[in-house]
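*Asks:* Pasting a structure below so you can have a look.
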Amino acid sequence: MANNKFVKQFPVTRLRTGMMQIGLVLAILFLIAKFNYLLFHVLVEFSGTAISLAIFLLAWNARKFSKNNYYLFFGMAFLASGTISLIHALTYRGMGVVAETTNDSNIATQLWLANQYILAATFVIAPFLLGKRLKSQSIILSYLAALVFALVAIFYWKIFPVAYAEGTGLTPFKKISEYAVAFSFLLSLFFFWKRQDLMEKRFFHLVAVTLSLFFFSTISFTLYVGVYSFPNELGHLLRVLAFYVSYLALVEYGLMRPYHSMFRELSESEKVLKEAKDEWERTFDSVPDLIAILDTKHTIRRVNRAMAERLGTSEGKCVGLHCYSCVHGSKEPIASCPHSLTLKDKKEHIAEVEEENLGGTFLVSTTPFFDDDGKLIGSVHVARDITERKKMEDKMADLAKFPDENPNPVLRMDKSGKILYQNPAANKLFSGLNESEKKNVTFSWKKEVEKAITHESEMTSELLVGEKYFSVMVAPIKGYSYANLYPMDITERKRMEMAKDEFISLASHQLRTPLASISLSSELLLRGISGKMDPGQKESLEDIHKSIKKMSLLVSNLLNVSRVEMGNFEINPETLPISHIVEDTIKDFLPLFEEKKLKLETKIGKEIAIRNFDANSFNIIFQNLLSNAIRYTPKSGSVSISLKRDESGILLSVADSGIGIPEEDAKKIFSKSYRAANARRKTSEGAGLGLYMVKIASERGGGKIWFESQEGKGTTFFVLFPE
Ligand code: ADP
């Protein structure tokens, strides 16, 4: 602020006062001209020279404050001009200082013109140099060169065009030159006016006045009729005035203003500095990391707000304390202190530090800082609280171990069959396999992975790995071309199932033969081959026969299911005269119809045969459908059997007016061992194997099976055989 006051108090030369003073001087000079022209001329030229030198000295001294040497440019121009003016005055006709010029006006006139040219050139160039950085050396050298050249051209080489000829007076060269110079001043004014945005308004006004004076002064000289003429005197006086106004402009802007702007810049810098400091402090305090600035003796020089808060104190109270005592509560730096390392090697260090006093784990970095001579003076100690992150990382690491700890195999495989990950349990899986077995396993898994990715759903299949059975769940990962595989060893279960199937197969096989002979014997007995039976005996035999029928069907279903499970359910396609088979089977089942007093309707097409169908499969289909229709239809109900040829094949249908299949059971009705609730309620007879076998038998032979049913009303099963 003190600087600003100083700027305001600094005196600024006032144009008006100056003008009054110069007006007085000019008036005196004007009077002198009336008495002694030579004296007038000398005084006028000397005044010009004096002002020019003053301008030069000012500009020269002010050059340190000027950023772009603009005023030095004018200073040098006026120095050259002043020098030539001086010589011009001394060589003026009648002065007698230089013998050669005592009676010659040419040299003085030539010097005059040289001076005019230098000034005109300076002013024409000046507007274009506004705001540009000029090199002081180039300016000085250019003007000295121009000055020397002008003098040498006039005095030594004598190549300067003649400006005054004895007898004829001023030459056309001199006259044209004056017009050209006058025009140059106008041109300069025009250029300055165009570029006035680049200069202070007042400076432009002073320049405009200077140029106008130079212009009018030069124009006055073109009206020259003799040394004593008024235009000649006026020209000289206006010229002195022009020099004076130039001086004012240069004094004010070349000398005084630099201080002004220097102080202004200074106070602006101070403001900027303060703003920067405030901003730095704000930033320092708003950083959530704990920052401390430490010196080489581990003394805290500064802490930010976060650090002070964490230490439970204020920023100021930490300063001057040792960081190890303040932060760690110890008497010397802790072993893992990165600041100690930075002090040793002057490099940045980072360490993970667990500090109970601060309640957590911190990532601490220490960055060294140096004084201007490169000497280490401390470090910036930044501690970032990574307690939460650490906990998360530990958790993540723990979680990452999860599949490794899984006793069951877990793998990740991509579409190409490449195993991306396998846990230790999966490693064991492959350990006993040779290369080709491994290839087979990955190949079969790859196919499952492809399927699962294509269908975008989990799939489970039973696959063989070496000699073990695995149920492999394949879960595709959404958006990626790989899947996770969870194989589960099911070898034991599989073995038990196989043993069970084998047993069932064996048992049912063993039962079939005696059952068949009992069935045949009971039928023969019923037909009376061993004589007449009383009604009681007949009834008992009929019961035996019916039970044997049902049992045979059950044993046959058991045998067929075990064959399917063991993979040896064989199909021997042949041409089947099914209308006959259907009729024979119905006859076989007649006792069961009679027992329940069921009404039987048949619509059997004549001589219908299917090509390429297995006889056993057809029996499985028809016997089961018929036996179900009888079983699930209450007494006095009805059963209709139809066999016909239709456009799409041979259609067999078995309809009943029985209990029906509830809607909720419809989907599962063909599953192994499945029985609907209403059926279970009605009878415990039945093992849920019939429809399972019917579906397999129809589909393996190329047929299609479906049903329509309404609970409590009845059911119709349809089987469409290919012809
Ligand atoms: P089950 O030995 O129990 O008859 P099936 O496999 O032959 O076994 O039939 C499966 C289940 O389908 C039956 O338990 C029953 O719930 C239902 N079902 C089959 N046929 C009929 C039918 N005609 N009417 C009503 N329910 C039937």
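*Asks:* Going by alpha carbons, how many degrees (0 to 90, nearest 10) lie between the helix axis of 106-129 and the longest principal axis of the chain?
*Replies:* 20
*Asks:* While we're looking at this one, here's another question. If you average the alpha carbon positions of the stretch 520-587 and of the stretch 634-689, how far apart do those two centres end up, in angstrom?
*Replies:* 20
*Asks:* Within a Cβ distance under 11 Å of TYR674, other residues only, what is the Lys/Arg minus Asp/Glu net charge?
*Replies:* +4
*Asks:* Can you tally the net charge around MET459? Count Lys and Arg as +1, Asp and Glu as -1, for every other residue whose Cβ sits under 14 Å from the Cβ of MET459.
*Replies:* The answer is -2.
*Asks:* Would you mind counting up the charge near ALA33? Only other residues with Cβ under 15 Å from its Cβ, with Lys and Arg at +1 and Asp and Glu at -1.
*Replies:* Computed value for this residue: 0.
*Asks:* Another question about this same structure. List the aspartates and glutamates whose alpha-carbon lies under 17 Å from that of LYS428, not counting same-chain residues fewer than 8 positions away?
*Replies:* Here the aspartates and glutamates satisfying the reach criterion relative to LYS428 are ASP404, GLU405, GLU437, GLU467, ASP489.
*Asks:* Sticking with this structure for a sec: Hey, if you put +1 on the Cβ of every Lys and Arg and -1 on every Asp and Glu Cβ in the chain, which of LEU652, SER671, VAL382 ends up farthest toward the positive end of that dipole?
*Replies:* After comparing all options, I get VAL382.
*Asks:* Treating the beta-carbon of each Lys and Arg as +1 and of each Asp and Glu as -1, no other charges, what is the dipole magnitude of the stretch 595-723 about its Cα centre, to the nearest 20 debye?
*Replies:* 380
*Asks:* Relative contact order for the stretch 626-723 using alpha-carbon pairs under 8 Å, separation at least 6, rounded to a whole percent?
*Replies:* Once normalised by length, the contact order is 33 percent.
*Asks:* If you don't mind, there's one more thing I want to ask. Within the stretch 508-578, which GluC sites (Glu not before Pro) sit in a loop by DSSP and count at most 15 neighbouring Cβ atoms inside 10 Å?
*Replies:* For GluC sites (Glu not before Pro) across the stretch 508-578 that sit outside H, G, I, E and B with at most 15 neighbouring Cβ atoms in 10 Å, the list reads GLU570.
*Asks:* Given Cα positions, please report Rg to Rh for the stretch 472-621, the hydrodynamic radius being the Kirkwood one.
*Replies:* Taking Rg over the Kirkwood Rh, I get 1.17.
*Asks:* As a test of the formula, what do you get for the chain when each DSSP H run with n ≥ 4 contributes -39,500 (n - 2.57) and the sum is divided by the residue count, at 222 nm and rounded to the nearest 500 deg cm²/dmol?
*Replies:* Helix contribution divided over all residues of the chain: -18500 deg cm²/dmol.
*Asks:* So what is the relative contact order of the stretch 518-625, in percent, for Cα pairs below 8 Å that sit 6 or more residues apart?
*Replies:* It rounds to 31 percent for the stretch 518-625.
*Asks:* Moving to a separate point now. With a/c under 1.5 counting as rounded, go ahead and sort the chain into rounded, prolate or oblate using the C-alpha gyration tensor (a ≥ b ≥ c being the square roots of the eigenvalues; past the cut-off, prolate if a/b is larger than b/c, else oblate).
*Replies:* Prolate shape, in that a/c is at least 1.5 and a/b is the bigger ratio.
*Asks:* Give me the angle, in degrees from 0 to 90, between the Cα long axis of helix 690-700 and the longest principal axis of the Cα atoms of the chain, rounded to the nearest 10.
*Replies:* Approximately 70 degrees, to the nearest ten.
*Asks:* Along the charge dipole of the chain, which of THR313, VAL694, ALA507 sits closest to the positive end, that is, farthest toward it, with unit charges on the beta carbon of Lys, Arg, Asp and Glu (+1, +1, -1, -1)?
*Replies:* THR313
*Asks:* Once you have the alpha carbon radius of gyration of the stretch 603-723, what is it after dividing by 2.2 N^0.38 Å, with N set to its residue count?
*Replies:* Normalised Rg, Cα atoms only: 1.03.
*Asks:* Using θ = phi - 60° and the Karplus relation 6.51 cos²θ - 1.76 cosθ + 1.60, list the HN-Hα couplings for the stretch 136-149 in order, rounded to whole Hz, with x at every Gly or Pro.
*Replies:* Once θ is set to phi - 60°, the couplings for the stretch 136-149 become 4, 4, 5, 4, 4, 5, 4, 6, 4, 4, 4, 5, 4, 4 Hz.
*Asks:* Of HIS322, TRP112, PHE191, which is farthest along the charge dipole of the chain in the positive direction, counting Lys and Arg as +1 and Asp and Glu as -1 at C-beta?
*Replies:* In the chain, that residue is TRP112.
*Asks:* Still on this structure, please answer the following. Got a sec to turn the phi values of the stretch 18-30 into Karplus ³J(HN,Hα) couplings, 6.51 cos²θ - 1.76 cosθ + 1.60 with θ = phi - 60°, whole Hz, x for Gly and Pro?
*Replies:* Along the stretch 18-30, the couplings run x, 5, 5, 5, 5, x, 5, 4, 5, 4, 5, 4, 4 Hz.
*Asks:* What's the magnitude of the charge dipole for the chain around its Cα centre, counting Lys and Arg as +1 and Asp and Glu as -1 at the beta-carbon? Answer in Debye, nearest 20.
*Replies:* Here the chain has a charge dipole of around 1980 debye.
*Asks:* Quickly rank 484-491, 371-378, 655-662, 88-95 as a protection proxy: mean count of other C-beta atoms within 10 Å, highest first.
*Replies:* Listed from highest to lowest mean packing, they are 655-662, 88-95, 484-491, 371-378.
*Asks:* Expressed as a rounded percentage, what relative contact order does the chain have, with Cα pairs under 8 Å and six or more residues apart?
*Replies:* It comes to 6 percent, rounded to a whole number.
*Asks:* Separate question: So how do 525-535, 427-437, 109-119 stack up, highest first, on mean other-Cβ count within 10 Å?
*Replies:* For the peptides 525-535, 427-437, 109-119, the packing ranking is 109-119, 427-437, 525-535.
Values quoted throughout were computed directly from the atomic coordinates according to the rules given, and no laboratory measurement underlies them. Values in this document were obtained by computation on a predicted structure and should not be read as measured data. Note that we place each Cβ from the backbone using ideal geometry, even for glycine, and neighbour counts take in every protein chain shown.
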